[in-house]
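A.B. asks: Before anything else, here's the structure in question.
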Amino acid sequence: MKLALIQMKVKNTPEENLMEAKKMLAKAAKENIDIAVFPEMFACPYDNRCFPRFAMEKDNPFLTEIGNAALEYGIYIVAGSVPEKFKDKIFNTSFVFDPKGHRVERHRKVHLFDINVEGGQHFMESEVLSPGEDFTTFDTPWGKIGLMICYDIRFPELARLLALKGAKGIIVPAAFNMTTGPAHWELSFRARALDNQVFMAGVAPARDVNSSYIAWGHTISTDPWGRVLTQLDEKEGIAFVEWEMEKLEKVRRELPLLEHRRKDLYRLSDISNGSQLIR
């Protein structure tokens with residue numbers, strides 16, 4: 001399975017960003033890809049003031065055009081994330097489109113990014129956004145893929161739940177900043193890949209030093225052995241990566257840590273649907 005991880009520089013409006021996204025997608029599609037992934041909040045600046053202004057419902061023309069592009073190129077598209085308006089709430093939401101252009105899944109960011117690091121970053125998503133409540137996967141011909149958004153990666157339980165649900169890879173549109181990025185970006189993606197013996201992909205916006213929120217960039221993919229397969233720098237670009245599922249199965253066969261869990265002593269429960277994921 002070949003992925004195109006699109007690290008684009010986010011502009012001021014959805015109209016501008018749609019044009020940029022389609023341009024970069026056209027370039028990526030020439031490389032015979034299966035899945036394209038955009039960054040967190042790729043429709044508007046990552047700024048609490050922008051989320052209510054640009055919040056969109058699921059059938060917004062921006063998302064419709066992304067679905068049309070999935071159909072045109074015959075690929076899956078993980079549409080980064082956008083501010084989604086649903087009833088009286090706003091969510092940080094990623095939509096997934098299949099090669100027929102159908103919207104097949106949606107993930108609302110479960111863990112909101114509220115941070116106040118002394119001498120570093122201050123940001124409070126909860127001032128505007130509401131948290132999601134779903135553990136999200138979608139099916140592909142190559143296996144089940146999990147989906148998280150940015151801060152979700154810091155919670156090992158969520159990644160483990162996705163792995164127990166059958167995910168062989170986890171895609172994470174994300175925008176770590178200049179405080180958290182250097183400290184935790186690569187570490188987080190290597191750790192979650194290693195913990196769960198899955199492929200990971202973190203897709204970030206390119207760095208814009210003139211924006212109110214300066215992203216770290218460094219779009220990345222890691223493998224089930226915890227190795228970095230590819231990583232960009234801070235500039236706009238596309239990272240292409242192959243996820244070879246037979247290598248995943250080899251790692252799980254030779255080091256079967258998921259089978260070695262002591263289910264007689266502890267278990268991870270999915271209380272959202274009342275089931276206990278102990279297999």
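A.B. asks: Filter the chymotrypsin sites (Phe, Trp or Tyr not before Pro) in region 30-117 to those in DSSP coil with at most 13 other Cβ atoms within 10 Å of their Cβ, and list the result.
C.D. replies: Values: sites: Phe42, Tyr46, Phe54, Phe62, Tyr73, Tyr76, Phe86, Phe91, Phe95, Phe97, Phe113; in loops: Phe42, Tyr46, Phe113.
Those that pass, being in a loop and sparsely packed, number zero.
A.B. asks: While we're looking at this one, here's another question. Could you list which residues have their amide H under 5 Å from that of Gly101, counting only those 5 or more apart in sequence or on another chain, with H placed in the peptide plane?
C.D. replies: Placed amide hydrogens put Leu71 under 5 Å from Gly101.
A.B. asks: Using the Cα gyration tensor of the chain, with a ≥ b ≥ c the square roots of its eigenvalues, what is the shape: rounded (a/c below 1.5), prolate (a/b larger than b/c) or oblate (neither)?
C.D. replies: rounded
A.B. asks: Still on this structure: Over 26 Å between Cα atoms, which of Lys58/Lys100; Lys22/Lys58; Lys23/Lys89; Lys85/Lys168; Lys2/Lys89; Lys165/Lys247 qualify?
C.D. replies: Over 26 Å Cα-Cα: Lys23/Lys89; Lys85/Lys168; Lys2/Lys89.
A.B. asks: Let me ask something else about it. So if each residue of separation counts as 0.36 nm, and I subtract the Cα-Cα distance between Asn12 and Thr230, what length gain in nm does that give? Working shown, then result.
C.D. replies: Numbers: separation 218, 0.36 × 218 = 78.48 nm, distance 2.86 nm.
Full extension of this stretch gives 75.6 nm more.
A.B. asks: Using 0.36 nm times the number of residues separating Asp59 and Asp139, minus their current alpha carbon distance, what extension gain do you get?
C.D. replies: Numbers: separation 80, 0.36 × 80 = 28.80 nm, distance 2.19 nm.
Net length gain for the segment: 26.6 nm.
A.B. asks: Same structure again: Using a Förster distance of 30 angstrom, determine the FRET efficiency expected from the C-beta separation of Met124 and Asn210, and round it to 0.05.
C.D. replies: Working: r = 22 Å, r/R0 = 0.73.
So the FRET efficiency works out to roughly 0.85.
A.B. asks: What number does region 157-263 give for Rg over Rh if you use C-alpha atoms and the Kirkwood radius?
C.D. replies: Radius of gyration relative to Kirkwood radius: 1.03.
A.B. asks: Which cross-chain or sequence-distant (5 or more) residues have an amide H under 5 Å from the amide H of Thr136, H modelled 1.01 Å from N in plane?
C.D. replies: Counting only residues 5 or more places away or on other chains, the set is Leu147.
A.B. asks: Report the extension gain between Lys165 and Glu259 in nm, rounded to one decimal, defined as 0.36 nm multiplied by the number of residues separating them, less their alpha carbon distance.
C.D. replies: That works out to 32.4 nm of additional length.
A.B. asks: Another question, then. Given H placed on each backbone N at 1.01 Å, which residues far from Gly169 in sequence or on other chains put an amide H within less than 5 Å of it?
C.D. replies: Gly146, Phe199
A.B. asks: Tally Lys and Arg at +1 and Asp and Glu at -1 over the other residues with C-beta under 12 Å from the C-beta of Glu242: what net charge comes out? Can you show the working numbers first?
C.D. replies: Numbers: positive: Lys2, Lys247; negative: Glu31, Asp34, Asp223, Glu244, Glu246.
Net charge in that neighbourhood comes out at -3.
A.B. asks: Return the calculated 222 nm mean residue ellipticity for the chain, to the nearest 500 deg cm²/dmol, obtained by summing -39500 (n - 2.57) across DSSP H runs with n ≥ 4 and dividing by the residue count.
C.D. replies: Calculated from helices alone, the mean residue ellipticity at 222 nm is -7500 deg cm²/dmol.
A.B. asks: Can you give the relative contact order of the chain as a percent, counting alpha carbon pairs under 8 Å and 6+ residues apart? Can you show the working numbers first?
C.D. replies: On the way: 644 pairs, mean separation 48.4, N = 279.
So the answer I get is 17 percent.
A.B. asks: Which one, His107, His184, His260, has the greatest fluctuation when you compute a Gaussian network model over the chain with C-alpha springs under 10 angstrom?
C.D. replies: His260
A.B. asks: I would also like to ask the following. Among all helices in the chain defined by DSSP H, which have a length of 24 Å or more along the axis from Cα atoms plus a Kyte-Doolittle mean of at least -1.0?
C.D. replies: Numbers: long enough: none.
Passing helices, by number: none.
Rule-based calculations on the coordinates, nothing more; no lab input. Quantities reported herein were computed from a predicted structural model and do not represent experimental measurements. Note that each Cβ is placed from the backbone with ideal geometry, even for glycine, and that neighbours are counted across all protein chains shown.
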